[in-house]
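Colleague: Below you will find the structure I want to go over with you.
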Amino acid sequence: MSKKYRVGIVGATGAVGQELLELLISRNFPMQSLTLLASSRSAGKKIQHAGVEYIVEETKPECFDNLDIAIFSAGGTPSKIFVPEAAKRGCIAIDNSSAFRMDPNVPLIVPEVNPQAIKNHKNIIANPNCTTAISLMALCPLHKEFGLKRFFAATYQAVSGTGVAAMQELEDQMKAIANGEEPKVEVYPYQIAYNVLPHVDVFQDNGYTKEELKMLNETRKILEAPYIMNSTTCVRVPVMRAHSVAINAEFEKPVSVERAREVISAFSGAELIDDIENKKYPMPLFCQRKEKCAVGRIRKDLVFENGLSFWVAGDQLWKGAALNAVQIAELIAQTEADA
Ligand code: A2P
């Protein structure tokens, strides 16, 4: 009989945590038990899903003694404390924070792109940044075909990336404005409704934000291509849960739009939506709760010689976070079954 896992979700009350619960069950991950963990604020809280009632527990180091796999989506500070505790106790930690992504001893995995990296894990596996994971659903097949050299990107990032409080704030601001009231601004430095903020994550000394540098560093690590150059501008937009990215990429080899469409169509993580005559292109509204990321507007770049310009959109809470993490758990189960 195949192994069943004792699974924990750390950050189970959060935006990604709720999707993890749903996806672990809807994708029939082989579970012996499912433990929901959050902060002390949520201890004892009841969560109903698919007719089952779960009681949330406070995250403590001992929790990991009885777990085989724990998926973390509680932010960097809890991850820095509890991920090493889990690993030490023999529990494999799949971490959605940025805390361990660039650690050379920690594989950073997108299962469609670098499943082979799982072999070297030491009980900690990092889940990539949402924008990077979604962009890779177009960049990876194109890289394999044409050899990616460098790319520029501009992102259009949904509020779900900031968590439940930000999703609620966008909804509340829209309602307040519709009612002629002053919108409350708490999560972001400025109003997000009817606005865009060229500011995602913390500013660094070089003027980029941390989020913008994740695109460069994580793409290099996942594609095992440290020579790739990238410059990204990350922008928060008043969209609920799917990110979009505009990319201009230069390749080693000559490119063709037809071949680009073919390799994207054949890639398991992507769906080609590219029919401008019929006004068909990817849009975040229609990527919500979709497993595949949509790729379209593919055209020869007017600046780069072997260049392509294209547009990718994907569900931030799914491929950008919870789905990729569950796919990593599935990869662990598959790898252990094959061993
Ligand atoms: P809680 O609801 O108890 O605060 P989001 O990203 O949507 O804001 O969700 C963050 C998640 O991380 C929530 O489930 C939150 O739990 C959880 N969390 C925050 N701080 C901690 C902590 N110190 N230990 C465990 N979970 C935490």
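Colleague: Show the residue pairs that are 6+ apart or on different chains and have beta-carbon atoms under 6 Å apart, the first residue being within segment 60-76 and in contact (Cβ under 8 Å) with a residue 12 or more places away in the chain, the second being away from the ligand (no atom under 14 Å from the Cβ) and assigned to a helix (DSSP H, G or I).
Modeller: What qualifies is 69/329.
Colleague: Now, a different point. If you scan segment 182-226, which residues turn out to be among the aromatic types (Phe, Trp, Tyr) and closer than 26 Å to residue 143 by Cα? Write out each step before concluding.
Modeller: Kept after step one, since they are among the aromatic types (Phe, Trp, Tyr), are these residues of segment 182-226: 188, 190, 194, 203, 208.
Matches in segment 182-226: 208 only.
Colleague: Could you tell me how many of the residues in segment 274-303 are surrounded by fewer than 16 Cβ atoms within 10 Å (Cβ to Cβ) and among the polar types (S, T, N, Q)?
Modeller: Selection size over segment 274-303: 1.
Every residue, every condition in (1) more than 18 Å from the chain's Cα centre (by Cα); (2) of a type in the set (S, T, N, Q); (3) near the ligand (Cβ under 9 Å from one of its atoms), yes or no:
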position: 13; (1), (2), (3): no, yes, yes
position: 17; (1), (2), (3): no, no, yes
position: 24; (1), (2), (3): no, no, no
position: 27; (1), (2), (3): no, no, no
position: 33; (1), (2), (3): yes, yes, no
position: 38; (1), (2), (3): yes, no, yes
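Colleague: Could you grab me the full set of residues in segment 24-68 that are in contact with an Asp or Glu (Cβ under 9 Å, 6 or more places away or on another chain), of a type in the set (Ser, Thr, Tyr) and loosely packed, with under 13 Cβ neighbours inside 10 Å?
Modeller: 40
Colleague: Please specify each residue of segment 125-146 satisfying the condition of being surrounded by fewer than 22 Cβ atoms within 10 Å (Cβ to Cβ) and either among the hydroxyl-bearing types (Ser, Thr, Tyr) or more than 18 Å from residue 270 (Cβ to Cβ) (or both). Outline the logic, then answer.
Modeller: Narrowing segment 125-146 to residues surrounded by fewer than 22 Cβ atoms within 10 Å (Cβ to Cβ): 144-145.
Within segment 125-146, no residue meets the criteria.
Colleague: Okay, next question. Quick one: what pairs do we get from segment 45-59, first residue touching a residue at least 40 places away in the same chain (Cβ under 8 Å), second part of a strand (DSSP E or B) and small (Gly, Ala, Ser), C-beta under 6 Å, 6+ apart or different chains?
Modeller: Pairs that qualify, where the first residue is touching a residue at least 40 places away in the same chain (Cβ under 8 Å) and the partner is part of a strand (DSSP E or B) and small (Gly, Ala, Ser), are 56/38.
Colleague: If I ask for residues that are within 21 Å of residue 303 (Cα to Cα) and surrounded by fewer than 20 Cβ atoms within 10 Å (Cβ to Cβ), which ones from segment 235-273 would you list?
Modeller: Kept after step one, since they are within 21 Å of residue 303 (Cα to Cα), are these residues of segment 235-273: 245-261.
Passing the criteria: 246, 248, 252, 253, 254, 256, 257, 258, 259, 261.
Colleague: On to the next question. From the list 221, 210, which residue is modelled with pLDDT of 95 or more, under 21 Å from residue 99 (Cα atoms) and crowded, with 19+ Cβ neighbours inside 10 Å? Give the derivation first.
Modeller: Numbers: 210 fails: crowded, with 19+ Cβ neighbours inside 10 Å.
It is 221.
Colleague: Restricting the search to segment 92-110, which residues are over 15 Å from residue 12 (Cα atoms), within 16 Å of the ligand (Cβ to nearest atom) and either crowded, with 24+ Cβ neighbours inside 10 Å or of a type in the set (Ser, Thr, Tyr) (or both)? First the steps, then the outcome.
Modeller: Residues of segment 92-110 that are over 15 Å from residue 12 (Cα atoms), as a first pass: 92, 98-110.
Retained after the next criterion (residues that are within 16 Å of the ligand (Cβ to nearest atom)): 98-99.
Passing the criteria: only 98.
Colleague: Considering only segment 152-201, how many residues are away from the ligand (no atom under 16 Å from the Cβ) and touching a strand residue (DSSP E or B) at 6+ places or on another chain (Cβ under 7 Å)? Working first, answer last.
Modeller: If we filter segment 152-201 for residues that are away from the ligand (no atom under 16 Å from the Cβ), which is where we start, we get 152-156, 173-185, 189-191, 193-199.
Checking the rest, the ones that are also touching a strand residue (DSSP E or B) at 6+ places or on another chain (Cβ under 7 Å) come to 152-156, 190, 196-199.
Count: 10.
The values are calculated or read from the model by the stated rules, or taken from the named source; none is laboratory data. This one's a predicted model, so the numbers in the text were calculated from it and none came from an experiment. Neighbour counts are summed over all protein chains in view; Cβ atoms, including those assigned to glycine, are modelled from backbone coordinates with ideal geometry.
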